[in-house]
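Chemist: Below you'll find the structure I mean.
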Amino acid sequence: MVQMNVMKDASEVVSYNCSNIPVYIQNGDLSRYPHMRALCHWHTDIEIIYVLDGEMNYHVNDKIVPLKENECVIINSLQLHYGSSIYHHACHFICIRFHPKILGTDPFVYQTYVTPLIENPETDYLYYDSNSPNHPELEALIKRIALAKAEMYDACELDIIGD
């Protein structure tokens, strides 16, 4: 059973599973969560959920994003969110969570490109299905990141950060 560490204010105590970089990459299964539903939570990290098979509802703030196989949602920093099973059916997914600082350590790059993205009140999430522009490229990036984590080869962190 997956146990999340969520504080009283709904913030998740984030743990990372990639050596030396603030990234969490894991294949998930909603059947491993109590009642096939994650706890509602938020964190400063950006989170990507990509459905491998099955379907789920992804809740972001007051919106519900239905996700099916090969669809994904990218949740912005500081958004309340959680996934839940539809009709208690199985759903397997890839979860990638990373701290925004990984997108730019240079102050100019961070202030110019990252801050406007994570502080945009209009962008609580981005949804991608097979008809979305750049879906094949995004799908390939997600799968490359998951493979790099699974293989943990020398300098895989550079590939993960680059992707």
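The values are calculated or read from the model by the stated rules, or taken from the named source; none is laboratory data. For clarity, every value in this text was computed on a predicted model and none was experimentally measured. Just so you know, the surface numbers come from the protein's heavy atoms only, side chains and all, with ligands and any DNA or RNA stripped out. Shrake-Rupley method; radii C 1.70, N 1.55, O 1.52, S 1.80 Å.
Chemist: Please arrange LEU147, LEU158 by accessible surface area, largest first, computed with a 1.4 Å probe and ligands excluded.
Modeler: LEU158, LEU147
Chemist: How much mean residue ellipticity at 222 nm does the chain get from its helices, if each DSSP H run of length 4 or more adds -39500 (n - 2.57) and you divide by all residues, to the nearest 500 deg cm²/dmol? Don't jump to the answer; show the numbers that get you there.
Modeler: Working: 3 runs with 28 residues, N = 163.
The helix contribution divided over the chain gives -5000 deg cm²/dmol.
Chemist: If the viscosity is 1.002 mPa s and the temperature 20 °C, what Stokes-Einstein diffusion coefficient in µm²/s follows for the stretch 119-163 when Rh is the Kirkwood radius over Cα pairs?
Modeler: Answer, rounded: 175 µm²/s.
Chemist: Another question, if that's okay. Starting from the Cα gyration tensor of the chain, multiply each eigenvalue by 5, take the square root, and state the resulting semi-axes largest first in whole Å.
Modeler: Numbers: eigenvalues 108, 69, 58 Å².
With the √(5λ) rule applied to the chain, the semi-axes are 23, 19, 17 Å.
Chemist: For the stretch 33-84, restrict the atom set to alpha-carbon positions and state the Rg and Dmax in Å.
Modeler: 10.5, 28
Chemist: What does DSSP give for the chain in terms of the percent of beta bridges that are antiparallel, rounded to the nearest 5?
Modeler: Taking every DSSP beta bridge with both residues in the chain, the antiparallel ones total about 95 percent.
Chemist: What value in Å³ per residue do you get for the convex hull of the alpha-carbon atoms in the stretch 56-152?
Modeler: Dividing the Cα hull volume of the stretch 56-152 by its residues yields 124 Å³.
Chemist: Starting from the Cα gyration tensor of the stretch 1-52, take the square roots of the eigenvalues, sort them a ≥ b ≥ c, and report rounded, prolate or oblate (rounded when a/c is under 1.5, otherwise prolate if a/b is larger than b/c, else oblate).
Modeler: Oblate is the answer for the stretch 1-52, as a/c is 1.5 or above yet b/c matches or exceeds a/b.
Chemist: Okay, next question. Take the alpha-carbon centre of the stretch 78-98, take the same for the stretch 106-121, and report the distance between them in whole Å.
Modeler: 26 Å
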